Amino acid sequence: MNLKSSSKLTDLINYYYLSNDYSMLRDSTKVDYRYFLTVLHQSLGSRKYTCITSKMAKQAYEDWVKRGITFANKIATCANIVFNYAIQMKHATFNPFNGIKRKKAPQRKVVWQHGDVVKFLDTAYSDYEYRNIGLIVHMAYEWKQRIGDMRNLQWENIHLSKSMVHLEQSKRRAEVFLPISESLNTMLNEQRKDFGFQELVAPHPRPSLGKFRPYAMERLSKVGRRVMRLAKLPERLRLMDLKRIEELVYEHK
């Protein structure tokens with residue numbers, strides 16, 4: 001694929017998709033990058049990438065902030081990656097997103113109560129459409145792990161006969177071995193009957209292009225919010241708040 005000075009930002013994004021830098025990413029990371037780069041495409045994709053200014057990048061960022069500071073920062077990160085790749089490949093000399101001062105999301109102190117988790121899991125497990133979301137939350141809550149790590153968890157990490165999970169935390173790159181409770185072991189055995197033929201423990205229940213894929217973080221948040229509303233949970237709660245928890249003792253009936 002050849003880039004020209006008249007090429008659009010969408011062309012530059014597609015050029016990045018063909019790179020080794022992108023191909024060597026984890027599948028789950030590719031899903032996230034494509035989601036955020038699609039938003040970038042929708043905002044600035046029709047413009048010549050060589051003509052995008054810092055002012056344009058800043059205006060786009062401020063529009064994304066209206067949908068969430070973390071959301072906007074992730075798009076800006078992906079935009080940075082694409083433009084930096086273009087600079088490395090001598091197709092650009094300037095990264096308009098490089099100088100953007102990013103906003104800091106206010107620190108949240110909202111904590112899920114045990115009863116909130118029980119309501120969420122009862123609601124999610126009662127509907128096949130939401131079962132995998134329920135399992136992601138169940139695992140994150142019981143093992144005190146990040147939601148993002150649980151959506152990418154693979155069967156090779158689960159040792160049901162030993163009631164043990166072995167995983168590498170994405171943030172600290174630390175290896176941890178954690179026990180699987182009897183109730184979670186039961187749920188995982190049931191899950192394996194339906195999804196054990198592919199590598200992900202709790203993928204999006206509908207395959208894409210013939211393959212089951214992890215939930216994108218934005219999609220995970222949206223579906224999680226739907227379950228929370230069905231469970232009549234407080235609007236202030238978010239799935240990301242699960243990292244501030246007390247020990248879980250949950251027996252699903």
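Please enumerate, by chain and number, the lysines with C-alpha under 19 Å from the C-alpha of Lys109, excluding those fewer than 8 residues away in the same chain.
Cross-link targets: Lys144, Lys243.
I need the calculated FRET efficiency for the pair Thr29 and Lys58, taking r as the beta carbon distance and R₀ as 22 Å, to the nearest 0.05. Please report the intermediate quantities before stating the final value.
Working: r = 26 Å, r/R0 = 1.19.
E(calc), rounded to 0.05, equals 0.25.
Give me the angle, in degrees from 0 to 90, between the Cα long axis of helix 114-125 and the longest principal axis of the Cα atoms of the chain, rounded to the nearest 10.
80
Give the shape of the stretch 175-243 as rounded, prolate or oblate, defined through the alpha-carbon gyration tensor: a ≥ b ≥ c are the square roots of its eigenvalues, a/c under 1.5 means rounded, and otherwise the shape is prolate if a/b is larger than b/c and oblate if not.
Working: a/c = 1.83, a/b = 1.23, b/c = 1.49.
Taking the square roots of the gyration eigenvalues as a ≥ b ≥ c, the stretch 175-243 is oblate.
Under 21 Å from the Cα of Lys103, which lysines turn up, not counting those fewer than eight places away in the same chain?
Reachable lysines: Lys55, Lys58, Lys66, Lys74, Lys171.
Suppose every Lys and Arg Cβ carries +1 and every Asp and Glu Cβ carries -1, with no other charges. What dipole size does the chain come out with about its Cα centre, to the nearest 20 debye? Provide the component values of the computation, followed by the final result.
Numbers: 44 positive and 25 negative charges, 274 e Å.
Roughly 1320 debye for the chain.
Please compute the modelled spin-label separation between Tyr128 and Cys51, points set 7 Å along Cα→Cβ, answer in nm with one decimal.
5.1
To the nearest 10 degrees, how steep is helix 217-230 against the longest Cα principal axis of the chain, on a 0 to 90 scale?
In the chain, helix 217-230 runs at an angle near 40 degrees to the longest axis.
Would you work out if the stretch 94-157 is rounded, prolate or oblate? Take a ≥ b ≥ c from the square roots of the eigenvalues of the alpha-carbon gyration tensor; rounded if a/c is under 1.5, else prolate when a/b is larger than b/c, oblate otherwise.
Note, shape of the stretch 94-157 comes out prolate.
Measure out, as a whole number of angstrom, how far apart the alpha-carbon centroids of the stretch 146-204 and the stretch 113-134 sit.
Spelled out, the Cα-based centre of one part sits 17 Å from the other.
Can you compute the equivalent ellipsoid semi-axes for the stretch 52-181, i.e. the square root of 5 times each eigenvalue of the Cα gyration tensor, sorted largest first and rounded to whole Å?
Values: eigenvalues 287, 82, 34 Å².
The answer is 38, 20, 13 Å, longest axis first.
Please compute the length gained on full extension between Met164 and Arg225, using 0.36 nm multiplied by the number of residues separating them and subtracting their Cα-Cα distance.
On the way: separation 61, 0.36 × 61 = 21.96 nm, distance 2.96 nm.
Residue separation times 0.36 nm, minus the Cα-Cα distance, leaves 19.0 nm.
Place +1 on the Cβ of every Lys and Arg and -1 on the Cβ of every Asp and Glu in the chain, take the dipole about the Cα centre, and give the residue among Ser28, Leu200, Gly68 whose Cα lies farthest towards its positive end.
My answer, from the dipole projection, is Gly68.
Need the list of aspartates and glutamates near Lys30 for cross-linking: C-alpha distance under 20 angstrom, and skip anything on the same chain fewer than eight residues off.
Asp11, Asp21, Asp149, Glu168, Glu199, Glu218
Which residue fluctuates most in the GNM of the chain (Cα springs below 10 Å): Arg173, Arg219, Arg229?
Arg173
Give me the number: length gained by fully extending Asp194 to Val118, i.e. 0.36 nm times residue separation minus the C-alpha to C-alpha distance, one decimal in nm.
Numbers: separation 76, 0.36 × 76 = 27.36 nm, distance 2.31 nm.
Gain in length upon complete extension: 25.0 nm.
Which chymotrypsin sites (Phe, Trp or Tyr not before Pro) in the stretch 155-248 sit in a loop by DSSP (not H, G, I, E or B) and have at most 11 other Cβ atoms within 10 Å of their own Cβ?
Numbers: sites: Trp155, Phe177, Phe195, Phe197, Phe212, Tyr215; in loops: Phe197, Phe212, Tyr215.
Filter output for the stretch 155-248: Phe197.
Using only the alpha-carbon atoms, how far is helix 27-44 inclined from the longest principal axis of the chain? Give it as 0 to 90 degrees, nearest 10.
Between the helix axis and the principal axis of the chain, the angle is about 40 degrees.
Okay, helix-only estimate at 222 nm for the chain: each DSSP H run of n ≥ 4 adds -39500 (n - 2.57), divide by all residues, round to 500 deg cm²/dmol; what do you get? Can you show the working numbers first?
Working: 10 runs with 124 residues, N = 253.
Mean residue ellipticity, 222 nm, calculated: -15500 deg cm²/dmol.
Quick one: Debye curve from the alpha-carbon atoms of the stretch 1-123 only, equal weights, vacuum; give me log10 I(q)/I(0) at q = 0.16, 0.20 Å⁻¹ to two decimals.
-0.78, -1.10
Return the single residue from Gln169, Gln154, Gln88 with maximal mean-square fluctuation; model: Gaussian network over the chain, springs between Cα atoms under 10 Å.
Maximum among the listed residues: Gln88.
When the Cα centres of the stretch 15-32 and the stretch 65-86 are compared, how far apart do they sit, in Å?
Centre-to-centre (Cα) distance: 15 Å.
Just so you know, all these numbers are worked out from the coordinates, no wet-lab data involved. Since we're looking at a predicted model, the values are computed, not measured. Using ideal geometry, Cβ is built from the backbone for each residue, glycine included, and neighbour counts are taken over all protein chains shown.
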